[in-house]
């Protein structure tokens, strides 16, 4: 399901939206808005994940404890 909404944009924002379409980075204005929303959501996820990793690092924990054994392989290094 999709819902149509109306928004107001200033001239600069509308020009930026039109440029996305003109440059071929979006097929339509709606596609450009959807892509912007998706990018905003990704940035929020990245920020959340970064905070989790920073908290683990502060506590001296690794995010992937099951991969720790791979950090020190049991074989001699290649020269």
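The values are calculated or read from the model by the stated rules, or taken from the named source; none is laboratory data. From a predicted model like this one, the values you see are computed outputs, not experimental measurements. Note: ideal-geometry Cβ built from the backbone for every residue, glycine included; neighbour counts use all protein chains shown.
Where the second residue is at pLDDT 95 or above and not in a helix (DSSP H, G or I) and the first is within 16 Å of residue 35 (Cα to Cα) and lies in segment 8-23, which pairs have Cβ atoms under 8 Å and are six or more apart or on separate chains?
As it stands, the answer is 17/9; 20/26; 21/27; 21/28, since those pairs meet every condition given.
If I filter segment 29-37 for residues that are in contact with a helix residue (DSSP H, G or I) (Cβ under 7 Å, 6 or more places away or on another chain), within 24 Å of residue 15 (Cα to Cα) and in a loop (DSSP other than H, G, I, E, B), do I get at least one hit?
no
Give me the pairs, please: first residue somewhere in segment 53-79 and surrounded by 10 or more Cβ atoms within 10 Å (Cβ to Cβ), second residue anywhere and outside any helix (DSSP H, G or I) and at pLDDT 75 or above, beta-carbon distance under 6 Å, and either six or more positions apart or on two chains.
53/63; 56/63
Given the conditions (1) outside any helix (DSSP H, G or I); (2) more than 30 Å from residue 9 (Cα to Cα); (3) at pLDDT 95 or above, report the number of the one that residue 25 does not fulfil.
With (1) outside any helix (DSSP H, G or I); (2) more than 30 Å from residue 9 (Cα to Cα); (3) at pLDDT 95 or above applied to residue 25, the lone miss is (2).
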